[in-house]
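Just below is one structure, and these are the notes that go with it.
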Amino acid sequence: MKKVTKVLTYGTFDVLHRGHIRLLQRAKALGGHLTVAISTDDFNLIKGKKSVFPYAERKLILENMRLVDKVIPEKHWDQKISDVKKYKIDIFVMGDDWRGKFDFLKPYCKVVYLKRTTGISTTQIKRRMAAIKQL
Ligand code: C2G
């Protein structure tokens with residue numbers, strides 16, 4: 001029986017938008033099983049990110065997406081090697097705003113950086129919301 005290719009990616013995935021979806025779509029297309037490690041609220045503080053939605057809500061949304069097979073928490077920077085080993089990951093995927101940053105995973109799995117979707121970001125969405133409020 002052919003082993004299913006397992007893909008892993010990490011992120012905050014706050015205020016889900018087409019940039020996130022396109023990343024997840026392309027990541028899933030690389031294999032048959034996609035695990036998403038979602039940054040916890042505590043880890044977001046370490047990343048200097050304040051999310052609109054708490055971890056539990058960001059997790060609820062992603063684990064109910066057809067594209068996503070498994071959701072795990074991302075609690076700190078240095079869990080990736082053990083995650084790749086623990087979940088027998090074949091391909092690690094990140095947007096290319098992280099290009100090179102995770103090459104240390106190359107001895108353990110394939111590392112793929114996918115083009116970041118331009119014209120959309122959580123920050124931009126917050127700005128649009130603020131602008132609408134002014135109307
Ligand atoms: N992304 C994208 N296009 C956008 C916005 C985001 O392709 N317009 C991608 C990012 O490159 C990343 C994923 O979507 O691969 C999740 O983005 P964020 O939630 O912003 O994740 P980030 O804060 O970059 O956290 O250990 C890694 C970090 O947890 C990554």
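The values are calculated or read from the model by the stated rules, or taken from the named source; none is laboratory data. Predicted model only: the values in this text are computed from it and were never measured. Neighbour counts are summed over all protein chains in view; Cβ atoms, including those assigned to glycine, are modelled from backbone coordinates with ideal geometry. SASA here: full protein model, heavy atoms, side chains in, ligands and nucleic acids out. Shrake-Rupley method; radii C 1.70, N 1.55, O 1.52, S 1.80 Å.
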Original post:
Counting other Cβ atoms within 10 Å of each Cβ, which trypsin sites (Lys or Arg not before Pro) in the range 1-104 have at most 14 and sit in a DSSP loop?
Top reply: K2, K3, K49, K50, R66, K75, K88, R99, K101
Subject >> Accessible surface of M94 - all protein chains present, 1.4 Å probe, nearest 10 Å² >> reply: 20
Original post:
Binning every alpha carbon pair distance of the range 62-135 at 10 Å from zero, what are the percents per bin?
Top reply: 15, 34, 31, 14, 5, 0
Original post:
Per residue of the chain, what 222 nm ellipticity follows from adding -39500 (n - 2.57) for every DSSP H run with n ≥ 4, rounded to the nearest 500?
Top reply: -10500 deg cm²/dmol
**OP:** Report relative contact order for the range 10-111 in percent, whole number only (criteria: Cα-Cα under 8 Å, sequence separation at least 6).
**Re:** 29
**OP:** Skip the ligands, DNA and RNA, and give the accessible area per residue of the chain with a 1.4 Å probe, whole Å².
**Re:** 60
**OP:** Note the direction-averaged projected area, equal to a quarter of the hull surface, for the Cα convex hull of the chain, in nm².
**Re:** 8.9
Subject >> Residue pairs, from the table K85/K115; K49/K70; K75/K101, whose Cα atoms sit over 20 Å apart >> reply: K85/K115; K49/K70
**OP:** Could you look at the range 34-103 and say what percent of its accessible area is carbon and sulfur, using a 1.4 Å probe and all protein chains?
**Re:** 55
**OP:** At 1.4 Å probe size, with no ligands or nucleic acids counted, give the accessible surface of T118 in Å², nearest ten.
**Re:** 110
